Amino acid sequence: MAAVIEPDLLQTFVAIAETGSFTEAAGRVGRTQSAVSMQIKRLEELLGRPVFAREGRSVRLTADGEVLLGHAHRILRAHQEALVAFADAELSGTVTLGTPDEYAVTFLPAILARLAETRPLLHVEVVCDTTVSLLQRLAARTVDLAIVTDGLGDHSGEILLREPVVWVTAPRHGVHELEPLPLALFHAGCPFRQWALDSLARHGRAYRLAYSSRSFSALEVAVRHGLAVSVLPLSNARTGFRILDERDGMPPLPHYQIALVHASGARSPLLDCVEESIRDRFRTAAATAA
């Protein structure tokens, strides 16, 4: 019997080919890195030849991998067209999803990729805003559901993830050794900012606020260029940053929680599907953090 290549294997293969990294691909497809590695091992066993050449922490396509990539794109496109042809009309429409910028960067790619595959008629409108503003939008029902930082305002949200807040700097810079310590922090009112300032104050570390922004991307630029130290959720700090701790002279920071909240009375089969895709992504994040 001829071997059958499941679409899930090809989806993971394409994600690795496009990112050049098993770690980044794992985030995109909503799986753990070990699960992604097992998928590629299975794919290579089916084909009887390697599709990637490992080069340190990065990978590149082999000649056979280049050939497979063209086939994979065509197969996945046909798979998507078949899903559209038989999609349930009840699961079409628009969902407005709110999230702070820093969570959008880390978690949304895999969530949206899964929804595009399983709910091809769905239109997702993404609103990036602060947790406080998103809770207000939920109350006004201008947002259907939101991924928010727990503990800011009253809500009956479902806890998705609990993980540490960490200090970060550029891998090849010693900016954390400067006095006063230059900081790049989120806007006033953001709990990550307040946790950083409170921690430094308790430990008597002098600092100056060099950069502030509502945008994760703006803070990322300042940190990656060695201009300042910042605080981030651990999920945002896994790639391209150096994490600092007490051994580097940085005081401890608390853990935080991410919650999923939906607007009062906003229930439908479509929203249930979106929520389940969000839960799946965060289950993967929790497994990675464990």
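Using only the alpha-carbon atoms, how far is helix 191-202 inclined from the longest principal axis of the chain? Give it as 0 to 90 degrees, nearest 10. The angle comes out near 40 degrees.
Taking the Cα centre of the stretch 189-268 as the origin, how large is its charge dipole in debye, to the nearest 20, when only Lys and Arg (+1) and Asp and Glu (-1) carry charge on their Cβ atoms? Walk me through the numbers on the way to the answer.
On the way: 10 positive and 5 negative charges, 29 e Å.
The calculation lands at about 140 debye.
Ranked for footprinting exposure by Cβ neighbours inside 10 Å, fewest first, Thr239, Thr23 give Thr239, Thr23.
Would you work out the relative contact order for the chain, in percent, from Cα pairs under 8 angstrom that are 6 or more residues apart?
On the way: 466 pairs, mean separation 60.3, N = 290.
About 21 percent, as a whole number.
Relative to the longest principal axis of the Cα atoms of the chain, helix 63-85 runs at roughly 90 degrees. Which of Leu197, Val51, Asn236 sits farthest toward the positive end of the charge dipole of the chain, with +1 on the Cβ of Lys and Arg and -1 on the Cβ of Asp and Glu? Looking along the dipole axis, the top candidate is Leu197. Computed over the chain, the per-residue total of -39500 (n - 2.57) for DSSP H runs of n ≥ 4 gives a 222 nm mean residue ellipticity of -14500 deg cm²/dmol, rounded to 500.
Can you put Asp150, Asp101 in order of Cβ neighbours within 10 angstrom, beginning with the fewest? Can you show the working numbers first?
Values: Asp150 20, Asp101 17.
With the fewest neighbours first, Asp150, Asp101 line up as Asp101, Asp150.
So for the chain, Kirkwood radius off the Cα pairs, Stokes-Einstein at 20 °C and 1.002 mPa s: how many µm² s⁻¹? Provide the component values of the computation, followed by the final result.
Numbers: Rh = 20.9 Å.
For these conditions, the coefficient is 103 µm²/s.
First check a/c for the stretch 75-198, with a ≥ b ≥ c the square roots of the eigenvalues of its C-alpha gyration tensor; if it is under 1.5, answer rounded, and if not, answer prolate when a/b is larger than b/c or oblate otherwise. Oblate.
For the stretch 162-256, what does the alpha-carbon gyration tensor say about shape, rounded, prolate or oblate, given a ≥ b ≥ c as the root eigenvalues, a/c under 1.5 as rounded, and a/b over b/c as prolate? Taking the square roots of the gyration eigenvalues as a ≥ b ≥ c, the stretch 162-256 is rounded. Largest first, the extents of the alpha carbon coordinates of the stretch 7-85 on the three principal axes equal 42, 26, 20 Å.
Readers should treat all values here as calculations from the given coordinates under stated rules, not as data from a laboratory. Computed from a prediction, not measured in an experiment: that's the story for all the values here. So basically every Cβ, Gly included, is an ideal-geometry build from the backbone, and we count neighbours across all protein chains shown.
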